[in-house]
Amino acid sequence: MAIFNTFKTKNLELTGEALRQRSIIIALATGTNPTDKTRTSISRKIASQSGVVWKNLYSGVFRDLDEILIPLGLVKEEGRLPLKRGPKALQEKGVPYYKLTQSGLLVSLSLNEIKDRKEILERFFSNSSKDENEFHDIILKLTKIAPKFTFSLFEKYVKAYCEGKLKLLPFKFQNLKNVSDESLIIQKEFLKGFTNLSKSDEEKTVNLLNHIC
């Protein structure tokens with residue numbers, strides 16, 4: 001999966017393949033109607049956002065779904081829509097539309113292009129096992145007070161999966177401990193230190209950060 005791939009000479013710029021795969025996952029995470037989740041509809045949606053001809057994108061969307069996202073267990077066929085026109089065989093079989101699996105929902109939580117990830121988070125936890133729900137309540141609370149920090153954890157988790165450092169499921173935040181980078185350690189240090197400050201020092205610290213950020 002290439003959702004975090006960047007150009008070798010431009011480390012902050014995602015490749016076309018990365019953007020396309022991210023767009024597919026976003027379309028399936030946010031789509032509400034079966035007609036929004038066919039290969040053609042997904043291609044049209046990406047094309048409208050990119051300003052290109054959808055037919056030029058279709059083969060890439062087809063390949064990403066059939067050769068990457070479905071084999072990885074992130075996407076699966078949800079059903080088929082009947083066709084009134086076109087080849088008879090296709091009319092009989094219908095056009096497939098897709099949905100994210102539990103793993104796919106977890107991946108979608110790492111994409112900051114999705115505005116309302118809390119709803120997806122609720123869907124993910126509603127289908128999780130009891131063990132995977134260990135931090136359910138506190139994670140939901142953190143999305144209210146520190147959403148960027150909370151979803152950055154999911155981004156680090158999924159990125160570690162893409163790098164082959166951990167498995168997506170079963171979902172365990174403890175797995176991040178083995179792949180923690182310095183930014184997580186700094187955030188932990190700050191949070192622990194902040195809770196030990198007096199009320200006056202808390203206000204001064206927040207005031208300082210307001211001047212920096």
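Summary table
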quantity	calculated
Tally, over region 157-213, of residues that are farther than 22 Å from F135 by Cβ and more than 19 Å from the chain's Cα centre (by Cα)	19
Contacts under 6 angstrom Cβ, first residue in region 62-76 being on the phi < 0 side of the Ramachandran plot and without any contact (Cβ under 8 Å) to a residue 40 or more places away in the chain, partner in a loop (DSSP other than H, G, I, E, B) and surrounded by 16 or more Cβ atoms within 10 Å (Cβ to Cβ), 6 or more apart	K76/T101
Flag if T205 is surrounded by 13 or more Cβ atoms within 10 Å (Cβ to Cβ), without any contact (Cβ under 8 Å) to a residue 12 or more places away in the chain and assigned to a helix (DSSP H, G or I)	yes
Residue within region 151-170 that is among the polar types (S, T, N, Q), at pLDDT 90 or above and under 27 Å from K76 (Cβ atoms) present	no
Matching residues in region 117-140 - criterion: being over 15 Å from K172 (Cβ atoms) and without any contact (Cβ under 8 Å) to a residue 40 or more places away in the chain	R117, K118, E119, L121, E122, R123, S126, N127, D137, L140
Hey, E17 without any contact (Cβ under 8 Å) to a residue 12 or more places away in the chain and surrounded by fewer than 18 Cβ atoms within 10 Å (Cβ to Cβ) or not	no
Considering residues of region 138-164 that are among the charged types (D, E, K, R) and more than 19 Å from G104 (Cβ to Cβ) only, the residue surrounded by the most Cβ atoms within 10 Å (Cβ to Cβ)	K141
K188 being of a type in the set (K, R), out of contact with any Asp or Glu (no Cβ under 7 Å at 6 or more places or on another chain), without any contact (Cβ under 8 Å) to a residue 12 or more places away in the chain and surrounded by 11 or more Cβ atoms within 10 Å (Cβ to Cβ)	yes
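Quick grid of which residues meet (1) more than 25 Å from L106 (Cβ to Cβ); (2) buried (at least 18 other Cβ atoms within 10 Å of the Cβ); (3) in contact with a helix residue (DSSP H, G or I) (Cβ under 7 Å, 6 or more places away or on another chain):
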{"position": "F7", "(1), (2), (3)": "yes, no, no"}
{"position": "Q21", "(1), (2), (3)": "no, yes, yes"}
{"position": "L28", "(1), (2), (3)": "no, yes, yes"}
{"position": "N33", "(1), (2), (3)": "no, no, no"}
{"position": "V75", "(1), (2), (3)": "no, yes, yes"}
{"position": "G94", "(1), (2), (3)": "yes, no, no"}
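The values are calculated or read from the model by the stated rules, or taken from the named source; none is laboratory data. These numbers come from a predicted model, not from an experiment. When we count neighbours, we look across all protein chains shown, and the Cβ atoms used for this are built from the backbone with ideal geometry, even at glycine.
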